[in-house]
Structure formats: C-alpha cells, structure tokens
Amino acid sequence: MSKIIEVRGLSKSYILNHEGKESYTALRDVIAQKTKKIFSFSNWKSTNKTKEEFWALKDIDFEIEQGDRVGIIGRNGAGKSTLLKILSRITEPTNGSIKIKGRIASLLEVGTGFHPELSGRENIYLNGAILGMSRAEIKKHFDAIVDFAEVEKFLDTPVKRYSSGMYVRLAFAVAAHLEPEILIVDEVLAVGDAQFQKKCLGKMEDVSKNEGRTVLFVSHNMGVVSKLCNKGILLNKGKIEIDGEIDHIIQNYVNFNNLTTEGYYYDQTKANGKSNFIKTVVLKNSENHTKSDFTFNEKVRIDFVLNIDEEIPNLQIGIGIQDKLQNRVSTILKSITYFNKNDKNEIHGFVDLPASVIAPNYYSLVVAIWAKDLVINDIQENICPFRIHDNGSDFALYEGYDYGSVILNPNWYNA
Amino acid sequence: MKTTRSNNEDWDLVLESGRADRHYWKDLWRYRELFYILSWRDIKVRYKQTVLGAAWSIIRPLLTTIIFTIVFSKIAKLDNPGNAPYALMVFAGMLPWQFFSNALSESSNSLIGNANLITKVYFPRLIIPASSVITSLVDFAISFMILIVMMFWYHYIPSWHIVFLPVFIILAFLCAFGVGLYLTAVNVKYRDFRYIIPFIIQFGLYITPVGFSSSVIGEKWKLLYALNPMVGVIDGFRWCILGDPLNWRSFLFSFVVIVIFLIIGISYFRKMEKSFADNI
C-alpha cells in the first residue's frame, strides 16, 4: 500500500459579508458606496461593513492509502463539502497543500452538465467529457453505460422527456464507468429508488474493493458509509475530530453527536406530594456513559432512580418505547420488589435493551410506576429522546423507508 | 527548499494556494475534448431551441444591411471609396461586427450560464467563454453564405486579397475573446454588470464603421478612431473582400489594441478564476 493522497495543514477561509443580503456584489452598490464615501467626509472612516473571516477548514492533516475507501462524515457545516471541493480542484485552498497521485474524478452531483434539450446518447458524451473521460473511453463503455442505466429505448429522446428515475440512472451510469485512480463521491446515493441505490452501491463496492481504486465518500447515511468504507474521517467545525477504522469513526460520530443528552430529572418545585415518583431516567451505554445516540448493534441502557415512600402491593415499573410518531414499539415491566431500596427510600436500577433489535430511527420513552388495576402513581411521557443509527444493518439502504421499528433476525431454512 | 521540490515530483498533482498556474496551460490541452464537446453542445442547443434557428443568422444581418444602406447611402449620402456597391460594403462590415457583438454577448454571459458546471467539476474555466465564441463563429459562417449570394447578385468578383480573410477572422475572434474574457469575469463579480453589456454593444455599433467606410473619418482622427479595435478588423475585411485601400498605420494601431485587450482579458480572467466557484 502506498500513499495516494497527502494533505498537510489544509485550511480554507471565506469572507462573510454581513451587510449584503445577496451572496454576490452588485456594481450598483459598489458605486453607491464609493460615492457615499466621497461625499460624506464625516464618515470617512466609516466601517459599516462587517466583514468576518470564516474558516470552513482549519489545519487539516491526513493521508489516504491506495485502495482505501474513506468515509468523510460530520454534521452539516463541518467542512465536508469544502474538503471535497478543494480535493476536486473546484476551489483553491487558502493555506496548506494536497498532494495527489493519479487521476482524480469527482462526482459531487448526479448528471452535472446534463442538457435537457439533448438526447440521452448526446448527454452520455457530454457528461462523460465533463467528468474527464476521453471520447475513446466513453465509446468503449457506451454499451455498458446504456445497459446499466436501462434506457436503450430512449437513447435518442431528449432527456427533458425522461422520468426523474431514468435521468438519475443515466447520470449515475456514466459516472459509474469512470476509471480514475481516485473517485470522490458526495451523497449522490440520496437519489433514485431503493433498487437502483442498491445497484449503485454494488457498483461502487465493485469499483473500490475489486478494482483497487481509492474512493472518498461523503454521506449522512451511516449505514451506507459503514457498508462501503473501511476508513473514516470525522470532521467537526473544520477540524478533524478523529480518523481511522470506519467502525471506530461511526461509533465516535454517534457518541459525539450527543447534543441532546436530556435525561429526565425530577423537578422538586413541581412536587405535589406524591409518595411514589420517578426521580431520574437517563440513557447510557454499557460503559455507563450518558448518551442519546446509539448504533444499531449497541445496547441501550435505561438507568432509573425511583422514590418509593409508600409500599403498595404489586407496584410495578413500566417502560414504553415509542417511535417518533409516538406509536408504541414495545413495553417492558418489572415488579418494584425486585429492586433494593436504600435508606433514602430510593430504588436505583437499570435495564439493557438488546442490541440489534430496535430498528434505526428516532425514539422516546414513557416511564410509569403503577399498582394493581392500573392505579398510576407517576407517569412521565416523551422523555429521553434517543436515536438508533444504522451502522450496517441489512436495511442500511432503505433509510427513510418504513420497514418497521423492530428488526427480527430469524433463522431461515430450506423446507 | 530543494528537498521539498524533489519530494513533490513523486506526486502527479500538488494543490496549494496560488499553485494552479503551473498546470494551467497543460490542463487546457488535456481538456481539449471538453472544449470540443462544449462548443458542440452550445451550437446544437442554439439551433435546436430557436424556431428560426439558422434562418435568424441570415435574416438579421440582411435586414440591418438594407436599412444601413438606405440610411447611410441614400439619406446621409456618405462616400464609398471603393468601386463595390454600397450594400456590399455595408455587408462586408456587418459580417465581422455581427460576429463580434454576438460573441461578446454570448461569452460575457457564459460563466453565469454555466454556473452549475463551475461549482461541480474542475476544468480550466477558459474553455467556457472560448467555446461560446466558437458558437458565434457558426453564425458567422452562415451569414458568410449571404455574402457569396450577394456577390453573385451584383456580379462582383472579389480581389485576390480574399486569401487573407482567415487572418482577419482570427483577429475578430481574438478581439471578441479578449474583451469577452474580461466582461465575463467582471460579470461573475458584479451581477448587475450584464445590463451594461447590451449598451456597450449598441454604443460600439455607432462608433464602428459598419454602415459607412472608415475613409469618411478625417485624417487627423484616424489614429484615435483606430483605438476601437473593430475598426482595424472591418477595414481588413473590406480590404480582403472588396479590395478597398487599407490604412496600414491605423490597422497596426487596432492590432496592438486587440493584443492589449487580449492580454488584459486573459490575465484578469486568470486572476479572478480562482474565486469563480466561491462567488458564482
């Protein structure tokens, strides 16, 4: 394995102009301002322009080896797109250097340069050239491209008459037949139907794993990233948070994404003389770290403290898991007598929800203490919001589709 | 310093601030196929989209020529130094002017029109205005057919100078390209600049010898007049096609102006190019 990309001290700054509403300058404004300056001597040094330097990337260092499939992840505004734009030479870095071996092709959008008036055939040549293929290369792959896109019948139809599915298929097909040493891909899989996405992903896997090409891939879809990539770079606010093996990176991303570690904490000022009530409910991982984002193959620990002043027969704790539409996914319960009470009449317990069962999605909890005949002592609804991130379940490709909230993993047999 | 240099040679591509210049001209050659295909796209789309299509590039210069002939020859009664019919003289000037004005308006809007490409893929940006000037060359070729028809109509045999016509076509091309490069780069920076461009072109028509011969300009104004680069180009066209006398001194002057425009255009474009993707 040899280094194919070396990035040293890479930074990119943009000047934010707070004054203008538009992203571009108008000559009219410039002239108006200059004249204003000339005529208003009192405001000679007027600095009503509030310019601010914004570092989209700051001192990035990393190396990529040949054949690596690198997932670049991070939240919105972390600098992922800027990094891709610099790597694909669309914009220049402000500081630092990037050294690259071999030909680089970038796919920041599906169907860049497609012209609606031109036919499918013509657009294949146009798009191919834009992506950096030579005419000879396109000719060589022409049949394969048409085949992959499944548009034989419409080759001579202007693409403006294509369905959006056909359009995307054709566009991806051209890109998939690029043969650069380094391929840069930005979330293009977010389009097209699930079946085609799967095909694209298969093709990308093929390109990287079997043909030994280097792929840089940006996506928000952790499931796809973990399926496709073996290495990862986690960006945060223009800096590299961590880089290394992809599983480790995704785990970090999920931990690090914990902005809402909102557990439930009992509010004393609102106490209305209940004798049995829920004091705290907090989500943790197996190492007892408080968090709200979990990977699919991680256990979710629900840690709770209850205050039990009054012993009532058959007192139970029940925890309901509900999805983002507040449909109940499942309910678990346990008798209070199972737990030990401390001298402050408190019960501290936890329960681990099994890993690899709750489907990747957003959830919250309903926690209640009740006695026989559903006499509720205390109930807290919509608490402890949490998210399960896909890190390579069988459904990674179907993110956004409703495939249920529970993933069963049954044994299958030949009858 | 030396060690970093030898180190860099192991790599195919080094991206640093301000370093793009090194591969620029090499890249321009490498991306020549993209240049062909973008030119081809522009031409194809242009004639596909308009109803009149190619007919438009015949009707427009023809009608303008008729009007100019009536206004300048019959009403203003301006001199025609050569022995060619006045209409032919107007048309010989109309050809390069129409090419220049088309090329200028096309190329100055070319970057904005291709913003989606600029923000998504790398290629030397010079290709975009260059290919839009090429498109106008096709219009020019079609209009040229009318010239041939007109020569038959007037039973006019061109002088042997016509073999030099390609030289002046290239000159017209460079003139439009140089000015177009500058304007399109300014256009990215100042978005309202495009409203000024039609005015520049219209203004240019009045100060360019299209409807009349440049020989009507007084001798002491000749050099000042030649500051307008199209004066040299149009005089050259008339020298080639009609055998009109060519004032070499003023032609040389126009030529120098074209070269200066070209240098300014390219260097300004290259300077602004780095920030196109950020500004557009």
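The values are calculated or read from the model by the stated rules, or taken from the named source; none is laboratory data. All values derive from a computational prediction rather than experimental measurement. Glycine also receives a Cβ, built like all others from the backbone with ideal geometry; neighbour counts cover every protein chain displayed. Areas reflect the complete protein model, heavy atoms only, side chains present, ligands, DNA and RNA absent. Shrake-Rupley method; radii C 1.70, N 1.55, O 1.52, S 1.80 Å.
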Checklist outcome for this item: Of (1) surrounded by 19 or more Cβ atoms within 10 Å (Cβ to Cβ); (2) in contact (Cβ under 8 Å) with a residue 60 or more places away in the chain; (3) closer than 23 Å to B:PRO129 by Cβ, B:ILE263 fails just (1)
Next on the checklist: Take the conditions out of contact with any Leu (no Cβ under 9 Å at 6 or more places or on another chain), within 30 Å of A:ILE347 (Cα to Cα), at pLDDT below 80 and among the hydrophobic types (A, V, I, L, M, F, W, C) and apply them to A:ALA271. Does it pass?
Outcome noted: yes
Next on the checklist: Given the criteria of a type in the set (D, E, K, R), closer than 30 Å to A:ASN252 by Cβ and within 7 Å of another protein chain (Cβ to nearest Cβ), does A:LYS101 qualify?
Outcome noted: yes
Item to check | Long-range neighbours under 7 Å by Cβ, at least six apart or interchain, first residue outside the structural domain of A:GLY320 (by TED's automatic domain parsing) within the stretch A:283-294, second open to solvent by less than 10 Å² (accessible area, probe 1.4 Å) | outcome: none
Checklist outcome for this item: Being in contact with a Phe, Trp or Tyr (Cβ under 7 Å, 6 or more places away or on another chain), in contact (Cβ under 8 Å) with a residue 40 or more places away in the chain, aromatic (Phe, Trp, Tyr) and more than 14 Å from chain A (Cβ to nearest Cβ) narrows B:PHE164, B:PHE173, B:PHE168, B:PHE177 down to just B:PHE168
Item to check | Where a residue in the stretch B:186-211 is within 14 Å of chain A (Cβ to nearest Cβ) and in contact (Cβ under 8 Å) with a residue 12 or more places away in the chain and its partner, wherever it lies, is part of a helix (DSSP H, G or I) and open to solvent by 60 Å² or more (accessible area, probe 1.4 Å), with Cβ under 7 Å and at least six apart | outcome: B:ASN187/B:ARG194
Item to check | Single match in A:ARG135, A:ARG103 (criterion: open to solvent by 50 Å² or more (accessible area, probe 1.4 Å), modelled with pLDDT under 90 and touching a Pro at 6+ places or on another chain (Cβ under 6 Å)) | outcome: A:ARG103
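Tell me the residue from A:SER163, A:SER134 that is more than 14 Å from every other protein chain (Cβ to nearest Cβ), of a type in the set (Ser, Thr, Tyr) and free of Cβ contacts under 8 Å to residues at least 60 places away in the same chain, please.
Step by step, each of A:SER163, A:SER134 is checked, and only A:SER163 is more than 14 Å from every other protein chain (Cβ to nearest Cβ), of a type in the set (Ser, Thr, Tyr) and free of Cβ contacts under 8 Å to residues at least 60 places away in the same chain.
Conditions tested, residue by residue: (1) β-branched (Val, Ile, Thr); (2) at pLDDT below 85; (3) in contact with a Leu (Cβ under 6 Å, 6 or more places away or on another chain).
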site: A:ILE233; (1), (2), (3): yes, no, no
site: A:TYR253; (1), (2), (3): no, yes, yes
site: A:PHE277; (1), (2), (3): no, no, no
site: A:GLN316; (1), (2), (3): no, no, yes
site: A:LEU325; (1), (2), (3): no, yes, no
Next on the checklist: Going residue by residue through the stretch A:140-148, is there one that turns out to be crowded, with 23+ Cβ neighbours inside 10 Å, farther than 24 Å from A:ARG69 by Cα and either away from every other protein chain (no Cβ under 14 Å) or in contact (Cβ under 8 Å) with a residue 40 or more places away in the chain (or both)?
Outcome noted: no
Next on the checklist: Just to be sure before I move on: is A:LEU83 over 24 Å from the mean Cα position of the chain (by Cα) and either more than 9 Å from every other protein chain (Cβ to nearest Cβ) or modelled with pLDDT of 75 or more (or both) in the structure I sent?
Outcome noted: no
Item to check | helices (runs of 4 or more DSSP H) lying entirely in the stretch B:88-186 (those with 3 or more residues that are in contact with a Leu (Cβ under 7 Å, 6 or more places away or on another chain) and either buried (at least 22 other Cβ atoms within 10 Å of the Cβ) or aromatic (Phe, Trp, Tyr) (or both)) | outcome: B:127-153
Next on the checklist: Between A:VAL168, A:VAL185, which is open to solvent by 20 Å² or more (accessible area, probe 1.4 Å), at pLDDT 75 or above and in the same structural domain as A:ILE64 (by TED's automatic domain parsing)?
Outcome noted: A:VAL168
